Each structure stands twice: as C-alpha cells, then as structure tokens.
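**Student:** Just passing along the structure, written as structure tokens.
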Amino acid sequence: MSFTLSLRRPFVADHFHDLPGFQEDRHGHNWEVEATVELASEAGEAAFARALDAWVETIDYRVLNHLPALAGRNPTAEVLAEQAFRHLERAALRPTAVRIREKANYWALCRGGSTP
C-alpha cells in the first residue's frame, strides 16, 4: 500500500524579469508551494516535510534572480515549480506534482515527466 500526501508552505520572495521578450521591474509576492508525493508508508511524511522546508528555506525572503540555481532564467512560477519538483526528487522522494501559486489567480503546476 502507498500513500499520496500533499503539503503546503508559504514563502515570500522578490523577482524581476529581464530576458528578451519578458521584462518587468523588481516586485515581490507572497507565494505558496504545494507539493504532492507518493509514500510507501506514513513514516515517510517527516522526510517529505523536511525536504520541502529545506527548499523553501533556500528561497524565502530572497531575490530569486540572485540565486545560482536560477541563473539565466526568468524566475517564473513555472520555473520555481520545476525547481521544487527536482529538489524533491534529489531528496529520494517520489513527487507527482508541485504547484507554485504566485498570486491568488496565477499558479503553475509541474508533474513528473512534463519537464526536460
């Protein structure tokens, strides 16, 4: 038997867009990440929570454009969803989806197999 578990975490971060075709001044958001993983048992919940908290800690109260992991990319909700998904994979978890909410009516979802 396996379990599907989702956790949400809020974070605050600034960003700006400065690549050709998408430019916008620095501004901030109260973001939210919601990640869903498959667990073999409920014992994996603590590891999932630690991994998600560790990812949030790397971006909370930061200027996203200054983070090495985002160098050369506009830090959009789509990019952040992919980054969080990959972080959970590296933590030996089995993520099925990561949603990043940038504002109330704007979010991006990354699912397994949907990104390069």
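Every read-out reported here was derived from the displayed coordinates using simple, explicitly stated rules and does not represent laboratory data. For clarity, every value in this text was computed on a predicted model and none was experimentally measured. No Cβ is skipped: glycine too gets one built from the backbone with ideal geometry, and neighbour counts run over all protein chains shown.
**Student:** Hey, any hits in the range 94-110 for a residue that's under 22 Å from L19 (Cα atoms), part of a strand (DSSP E or B), in contact (Cβ under 8 Å) with a residue 12 or more places away in the chain and small (G, A, S)?
**Tutor:** yes
**Student:** Which of (1) within 14 Å of the chain's Cα centre (by Cα); (2) of a type in the set (A, V, I, L, M, F, W, C); (3) surrounded by 13 or more Cβ atoms within 10 Å (Cβ to Cβ) does A54 not meet, given it meets every other one?
**Tutor:** (3)
**Student:** Anything in the range 1-56 that is touching a His at 6+ places or on another chain (Cβ under 7 Å) and part of a loop (DSSP other than H, G, I, E, B)? List them, or say none.
**Tutor:** none
**Student:** List pairs: first in the range 40-66 and over 20 Å from P95 (Cβ atoms), second β-branched (V, I, T) and surrounded by fewer than 18 Cβ atoms within 10 Å (Cβ to Cβ), Cβ under 6 Å, 6+ apart or cross-chain?
**Tutor:** Sorted first by the residue in the range 40-66, then by its partner, the pairs are Y61/V12.
**Student:** Output the number of residues of the range 102-111 satisfying the condition of being more than 18 Å from E24 (Cβ to Cβ) and either surrounded by fewer than 21 Cβ atoms within 10 Å (Cβ to Cβ) or among the aliphatic types (A, V, I, L, M) (or both).
**Tutor:** The total comes to 3.
**Student:** Which of the residues that make up the range 71-93 are more than 18 Å from E32 (Cα to Cα) and part of a helix (DSSP H, G or I)?
**Tutor:** If the condition is that a residue be more than 18 Å from E32 (Cα to Cα) and part of a helix (DSSP H, G or I), then E89, R90 are the ones that fit.
**Student:** Considering only residues that are farther than 20 Å from A108 by Cα and of a type in the set (G, A, S), which ones fall in the range 9-50?
**Tutor:** Passing the criteria: A40, S41, A43, G44, A46, A47, A49.
**Student:** Search the range 59-92 for residues being within 17 Å of L7 (Cα to Cα) and surrounded by fewer than 18 Cβ atoms within 10 Å (Cβ to Cβ), and hand back the single one that is nearest to the chain's Cα centre (by Cα).
**Tutor:** So, considering only residues that are within 17 Å of L7 (Cα to Cα) and surrounded by fewer than 18 Cβ atoms within 10 Å (Cβ to Cβ), the one nearest to the chain's Cα centre (by Cα) is R86.
**Student:** Could you please find all residues in the range 1-35 being small (G, A, S) and over 13 Å from L80 (Cβ atoms)?
**Tutor:** Answer for the range 1-35, where residues must be small (G, A, S) and over 13 Å from L80 (Cβ atoms): S2, S6, G21, G28.
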